[in-house]
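In what follows, a single structure is set out as structure tokens and then discussed.
The values are calculated or read from the model by the stated rules, or taken from the named source; none is laboratory data. Since the model is a prediction, treat every value here as computed from it, not as a measurement. Positions of Cβ are backbone-derived with ideal geometry, glycine not excepted, and every protein chain shown enters the neighbour counts. The area values use the complete protein model at the heavy-atom level, side chains included, leaving out ligands, DNA and RNA. Shrake-Rupley method; radii C 1.70, N 1.55, O 1.52, S 1.80 Å.
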Amino acid sequence: MFTAMQSQFQRIDDSKAFQAFVIFVIVVSALSVGAHTYALPVWMENLLLLLDKGITVFFAVEIAIRFIASKGPKAFFSKGWNIFDTIIVIGSLLPVAGSTVFIARLLRIFRVLRLVSMVPELRMLVNALIKAIPRMGYIALLMFVIFYIYAAVGSMMFSEINPTLWRDVSISMLTLFRVATFEDWTDVMYETMAVHPLSWIYYLSFIFLTAFIFLNMMVGVVLEVMTQEHDNFVKENTDELDEPATKGEVLELKAQIVELNKLLSERLK
């Protein structure tokens with residue numbers, strides 16, 4: 001009995017139509033959250049509240065279908081995206097009243113992120129970004145060292161020219177961040193060049209290190225991890241296609257073949 005129900009829910013969960021409808025509901029939920037930020041008539045506010053309750057109930061039913069369709073709680077909660085979806089759905093069930101108003105509304109906003117868990121390609125991108133963070137951390141640490149050295153040098157050389165930009169190391173690092181993002185950095189350079197004509201070497205070397213070398217290193221790390229994640233994604237999909245049919249699926253196919261044979265024999269008569 002339970003196996004038959006589980007296989008039925010598996011078919012529903014794997015159905016493209018069901019997944020497309022879930023994505024549609026997530027988009028509607030996102031639009032509903034955005035609509036709450038506008039000044040709307042009372043009747044429309046009530047309509048949005050009713051829609052929000054309907055969406056919450058649908059998400060609860062959808063997560064229950066996925067839970068029953070999985071091979072037990074351990075298999076379900078072994079996937080991080082399932083844990084994320086469960087937390088969002090349970091949080092959406094919190095009443096929007098009293099001290100939980102902010103948390104409940106915040107979790108309703110985060111329901112939009114469920115779009116990532118439903119679309120495999122988006123899920124792959126997020127997984128790649130998370131896996132790239134440790135490698136990017138070492139690059140960021142090296143960038144901080146370069147920022148600190150240049151900030152200390154800049155504070156010693158240019159603090160008397162413009163204390164607002166070069167008063168100490170922390171302010172100098174903010175100024176260098178402005179230079180690294182190319183936000184009117186030439187104004188900063190020309191101001192110091194009026195006193196130190198060769199100070200352009202300081203700025204160009206800093207930009208070359210940060211904007212060109214380190215930024216490209218960051219991009220390279222992300223691309224490498226994304227390539228690995230894409231290969232794993234393709235391999236997993238291929239393995240799923242190559243999986244042998246279960247006993248229930250074999251029996252179902254045999255029953256369909258027998259039924260087709262009966263229909264063919266009746267027509268031949």
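Accessible area per residue of the stretch 1-118 at 1.4 Å probe, in Å²? Write down the numbers at each step before the final one.
On the way: 7270 Å² over 118 residues.
It amounts to 62 Å² per residue over the stretch 1-118.
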When the charge dipole of the stretch 1-70 is computed with +1 on Lys and Arg Cβ and -1 on Asp and Glu Cβ about the Cα centre, the Cα farthest towards its positive end, among 37, 59, 19, belongs to 19
Roll a 1.4 angstrom probe over the protein heavy atoms and tell me the percent of accessible area of the stretch 120-175 that is carbon or sulfur.
74
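Could you state the accessible area per residue of the stretch 161-204 in Å², with a 1.4 Å probe and every protein chain left in place?
Working: 2590 Å² over 44 residues.
With all protein chains present, the stretch 161-204 gives 59 Å² per residue.
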In nanometres, what is the gap between the two model label sites at residue 133 and residue 234, each 7 Å from Cα along Cα-to-Cβ?
2.8
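In the stretch 20-52, which chymotrypsin sites (Phe, Trp or Tyr not before Pro) are in a loop and have at most 16 other Cβ atoms within 10 Å, using DSSP for the loop call?
Details: sites: 21, 24, 38, 43; in loops: 38.
Sites meeting the loop and neighbour criteria: 38.
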What's the carbon and sulfur percent of the stretch 1-118's accessible surface, probe 1.4 angstrom, rounded to a whole number?
76
With charges set only on the Cβ (+1 for Lys and Arg, -1 for Asp and Glu), what does the dipole of the stretch 1-118 come to about its Cα centre, in debye to the nearest 20?
280
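Using 1/(1 + (r/R0)^6) with R0 = 45 angstrom and r between the beta carbons of residue 169 and residue 110, what's the FRET efficiency to the nearest 0.05? All intermediate terms of the calculation are to be shown ahead of the outcome.
Numbers: r = 38 Å, r/R0 = 0.84.
The pair residue 169/residue 110 has a calculated efficiency of 0.75.
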Between the modelled labels at residue 23 and residue 187 (7 Å from Cα along Cα→Cβ) the distance in nm is 4.5
Label-point separation, residue 227 to residue 257 (7 Å along Cα→Cβ), nm:
4.5
In the neighbourhood of residue 46 defined by beta carbon distances under 12 Å, the net charge of the other residues (Lys, Arg +1; Asp, Glu -1) is -1
If the chain between residue 78 and residue 36 were fully extended at 0.36 nm per residue, the gain over the current Cα-Cα distance would be 11.6 nm
